[in-house]
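Note sheet for the following structure.
The values are calculated or read from the model by the stated rules, or taken from the named source; none is laboratory data. On a predicted model such as this, the values are computed, not experimentally measured, just so you know. Positions of Cβ are backbone-derived with ideal geometry, glycine not excepted, and every protein chain shown enters the neighbour counts. Accessible surface areas use protein heavy atoms only, side chains included; no ligands, DNA or RNA. Shrake-Rupley method; radii C 1.70, N 1.55, O 1.52, S 1.80 Å.
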Amino acid sequence: MAAKDGATMRRSGSHRSQDQSEMACGNDDANPITGTPLSNATKEKNPEAPAPPSPTDLDVEATKTATITVTAASSKESISSGNPADPEIPSTSTPTREHPLSQGWRPWLVVPGGFFLTVPTYGLLSAIGLFLPYWHDHVVADEPHTEADIAWILSVFSFLDNVFAAPAGIIFDRLCEREGKTAAEVGKGKSGINWLASPRLLLVAGRAAYLVGFVGLACSDTYDALVGSMVVVGVSAATPTTIAYTVASQWFEPQGGGLDLATGLISLGAPLGGIFFSLALHALFTHFGSGWRSAGLVLTAVLASFVVVACCLVRTNPVLQQPSSSAGLPLRPADAAREAGRGASESVRTLGQDIVRMLRSIEFWPITCAIVVYELVLIIQWGTIPLYAVTVGASSEQFYLMLSHNVGAIVGRTVPLWLSDRFLGPLNTTLVMNLFTLLVVLAIWLPLGAASMVALYAAVVLMGIGTGSFVPLGVGCMNVLATPETVATWFGLIYGVAAFAALVGNPISAAILARYQSDWLMAFLAGVLFLGMISAAALRWRLRGRASKVARVSSG
């Protein structure tokens, strides 16, 4: 009985709902907007016309139209102002990765892996100036080569490391993309992983070639042999250095997710490695004297130990599923809005189109100019501090000056990166550190460095803090301007341009010291740093108004 009453009440409710709907909509002959009955003449003019939409259908269409209008307006505003789209709108621009970003202990294993990749490359570069007087006095002493000539050998390392970062970054991004597609197919029960086309093999091959280059360097006893071996070392160093600084973006969220801090910890391999190799080279050169071959082979064995540990810890975090709004690499929100109306075939982008997109980006060139400047200053610091000490009559202090510089760089690669990650953002922090370094040159090193040993040590330590922050903060700025899937390509292209600064840095500084003495070198550094500050300020102006201290504005 209760069930019957319930059924009756449901039927009654259904009839009432139908009656209310008819009352709201009127009959089929009513105007859907005003509810006014249509005349017979109107019906006769178009007897086969479809029934007009109900107000419910109109509400749905109005909602869709409003949504499209709001989205289009937001996209138009993003394009005109350069700001990213409203984060409140659900976005499909975040790819699905094999491991969640910034979660668990696995991302933090990549940090020591990147650190051990950085030690034998940038760590050795941090102390590379110590090779200059040693090779001049012991390896090529019988040949008519000046210290400026030997400085070119050191520059070959930095130049090739940077210029080959471009193909290394492009290949790394493509291999990671392929790895993600393969991993997704494996998850669906398809083919297995092809280890011959994996980023891991790229890393191992680059490291092996790097060690082979140092074996050749140890066996070199002429100027030409040193140059040839250094070519192998420089080319092979591009792969591990590029992977070390960009793989963290596959594991950590930017802007509060720990990416800047992780990058800073990875970059600690440069100053800590510089300290280690300053002491190691001093011990090797003292112990073996003129026996360069023995010293070089021992050095190669030490480098190999770091390489093995790094290869065991570094892993990629491939994208298993790309966002539905992009058929290739993720697009910048403004670019996605521009390309929303294009066909699916036009959204498939080739490698050449990706590179052209980066080169045509307005943000690409200011950050490139700034990093070129910072690379030039850093290379000059690494390569000429020992020569500067000899020039000002403090040759016995050259090892300790290099040590002091790298101690300062430890602070520079941690504290500014923590401030960037938590408070300022990478670009604002870059401007602060640029100004700090410029003031050190103008207020301490230029007026007092050649006259006071205390002032020289203070300047070297403070310069280590300033210049030590430039590389990780530069990578942080790239993480702002690029997606994790393209940051290695950005890194490679930018440092490919910066390679020319690395090539000329040591010879220029050696020539200035030989011809114009130390004050002119400091004046040159001040001018270069001022140019870098202008470039960074131009990029900051370009990105003005971005949320989260220069928010992410990825460009594929």
Step through the residues of segment 532-544 one at a time and calculate ³J(HN,Hα) from phi using the Karplus curve (6.51 cos²θ - 1.76 cosθ + 1.60, θ = phi - 60°), rounding each to whole Hz and writing x for Gly and Pro. x, 5, 5, 5, 5, 5, 5, 5, 5, 5, 4, 9, 4
Going by average Cβ neighbours within 10 Å, how do the peptides 465-471, 429-435 rank, with the highest at the top? 465-471, 429-435
Result for segment 195-272: accessible area per residue, probe 1.4 angstrom, in square angstrom, of 29
Applying a 10 Å radius around every beta-carbon, put 138-147, 112-121 in order of their mean neighbour count, most first. 112-121, 138-147
Apportionment of accessible area to carbon and sulfur, segment 91-174, percent (1.4 Å): 63
Two-decimal ratio, segment 352-456, of alpha-carbon radius of gyration to 2.2 N^0.38 Å: 1.35
Quick calc, residue 212 & residue 286: beta-carbon distance into FRET formula, R0 30 Å, rounding 0.05, result 0.65
Relative contact order, percent, of segment 381-469 when contacts are C-alpha pairs under 8 Å separated by at least 6 residues? 40
Within segment 447-461, name every residue whose backbone N is under 14 Å away from a label modeled 7 Å from Cα of residue 137 along the Cβ vector. none
Accessible carbon and sulfur surface of segment 428-552 relative to its total accessible area, %, 1.4 Å: 75
Output wanted: per-residue J couplings in Hz (rounded whole) for segment 282-296, from phi through Karplus 6.51 cos²θ - 1.76 cosθ + 1.60, θ = phi - 60°, x for Gly and Pro. 4, 5, 5, 5, 6, 6, 8, x, 7, x, 5, 4, 5, 4, x
Skip the ligands, DNA and RNA, and give the accessible area per residue of segment 468-509 with a 1.4 Å probe, whole Å². 13
For residue 442 and residue 96, calculate 0.36 nm times their separation in residues minus their Cα-Cα distance, and state this gained length in nm to one decimal. 119.6 nm
Probe 1.4 Å, all protein chains present, accessible-area order of 369, 176, largest first: 369, 176
Under the Karplus relation with 6.51, -1.76 and 1.60 and θ = phi - 60°, whole-Hz ³J(HN,Hα) for segment 395-405, x at Gly and Pro, equal 4, 6, 9, 5, 5, 6, 5, 5, 4, 5, 4
Near the amide H of residue 319, under 5 Å away, which other amide H atoms are found, from residues 5 or more places off or on another chain, if H is placed in the peptide plane? 180
If R0 = 22 Å, then residue 109 and residue 423, at their Cβ-Cβ distance, give a FRET efficiency to the nearest 0.05 of 0.25
Find the all-direction average of the projected area of the Cα convex hull for segment 233-322, expressing the result in square nanometres with one decimal place. 7.6
